[in-house]
Amino acid sequence: MNVLSLFDGMSCGRIALDRAGIQVNKYYASELDKYAITVAQANWPETIQLGDVTKWREWDIDWSSIDLLIGGSPCQGFSFAGKQLAFDDPRSKLFFVYSDILTHIDNERDKAGKTEVKFLLENVKMKKEYLEIISDYLGVKPVFINSALVSAQNRQRYYWANWDFEQPEDKGITWGDIREYNAPDCHYYTEIGLSWIKRHSERTGKKLRVWGDDEKCQMLEASMFKNYSGQRFFGVNDTNGLRYISLLECERAQTVPDNYTNHVSNTQRYKMLGNGWTVDVIAHIFTPLASSINLERAA
Ligand SMILES: C[S@@+](CC[C@H](N)C(=O)[O-])C[C@H]1O[C@@H](n2cnc3c(N)ncnc32)[C@H](O)[C@@H]1O
């Protein structure tokens, strides 16, 4: 099938298609971040990068040939962690670009006598009124999934798709299953970092949380790249003392293959892993789609 992935990041969608056993013919990606593109191309060199999604009318592609549209539009405007500007936030407005592209593909497929394009949209926890606007535009209701069911990470997201899928079964994966021992030195807090954490805790009452092996780890975030200050609540006990979550642990928390992002700086890796999808959630959502493709092929 031919896939168009908007806001593709480091191509977690492409890994998920592979894991679900869906054969990909052409994979078009729209992404701006050059580091995410570097990682995507290093792992999936055949990806066709299209650039800025807002320039979609200039793209030279056969729109009717797109069988699957996927993407998670930037979510800061919707997020409870953000300022709740919702559709006035220029980043959240990109949802409407997704919706325009979806309509355009369907019109082109209709002209070519083809069925509707399959689509998947992912987004963060948001107010009910925003959810309803998105659902009205897409014509389907979302399914709310916590990545904790298939990984060691708590990560709650909404998923809209025009095929049926259930909640994944709980795989019972915990922090102890993915954690590293003897992690590289660069992951340890410095003395300055530790004293900053201490002062910050005294001022705000927020303590560094050290995860137990039988717990889930907290949600990864794009801001983890901000050195010790951004990582202050990621506490891991390791051989040489307290450290923050390692890159390998971030990859495992997102069920991304080990060292998948090992093509750019640590800062950029943290950022894109915090922005990325939990691959096994997406692969789970794709599984019924893979079955229907196989049935069609057999008929
Ligand atoms: C939430 S992240 C999606 C990550 C992706 N799903 C993954 O698995 O890596 C949103 C992405 O949208 C990208 N983005 C923001 N504005 C864009 C634009 N105008 N065109 C294309 N991509 C854009 C950002 O660079 C970011 O990587």
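The values are calculated or read from the model by the stated rules, or taken from the named source; none is laboratory data. Being a predicted model, the structure only gives us computed values, none of them experimental. Note that each Cβ is placed from the backbone with ideal geometry, even for glycine, and that neighbours are counted across all protein chains shown. Ligands, DNA and RNA are excluded from the accessible area calculation, which covers all protein heavy atoms including side chains. Shrake-Rupley method; radii C 1.70, N 1.55, O 1.52, S 1.80 Å.
Can you pull out the residues in the range 232-275 that are small (Gly, Ala, Ser) and open to solvent by less than 10 Å² (accessible area, probe 1.4 Å)? It would help to see each step written out before you state the result.
Taking the range 232-275 first, the residues small (Gly, Ala, Ser) are 235, 241, 246, 253, 265, 274.
Gly235, Ser246, Ala253, Gly274, listed by residue number.
Name every residue in the range 5-63 that is among the small types (Gly, Ala, Ser), within 13 Å of the ligand (Cβ to nearest atom) and surrounded by 17 or more Cβ atoms within 10 Å (Cβ to Cβ), in order of residue number.
Taking the range 5-63 as the starting set, the residues that turn out to be among the small types (Gly, Ala, Ser) are 5, 9, 11, 13, 16, 20-21, 29-30, 36, 40, 42, 51.
Adding the requirement that they be within 13 Å of the ligand (Cβ to nearest atom) leaves 5, 9, 11, 13, 16, 29-30, 36, 40, 51.
Passing the criteria: Ser5, Gly9, Ser11, Gly13, Ala16, Ala29, Ser30, Ala36, Ala40.
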Exactly one of (1) over 27 Å from Thr239 (Cα atoms); (2) open to solvent by 20 Å² or more (accessible area, probe 1.4 Å) is unmet by Ile192. Its number? (1)
For Phe80: the one exception among (1) at negative phi; (2) modelled with pLDDT of 95 or more; (3) within 16 Å of the ligand (Cβ to nearest atom): (2)
Can you list residue pairs whose Cβ atoms sit under 7 Å apart, with the first residue in the range 10-33 being without any contact (Cβ under 8 Å) to a residue 24 or more places away in the chain and the second being assigned to a helix (DSSP H, G or I) and within 14 Å of the ligand (Cβ to nearest atom)? Count only pairs 6 or more apart in sequence or on different chains. Val24/Leu17
Looking at (1) open to solvent by 40 Å² or more (accessible area, probe 1.4 Å); (2) in contact (Cβ under 8 Å) with a residue 12 or more places away in the chain, find the lone condition where Arg199 falls short. (2)
Out of (1) open to solvent by 10 Å² or more (accessible area, probe 1.4 Å); (2) more than 13 Å from the ligand (Cβ to nearest atom), the odd one out for Leu68 is which? (1)
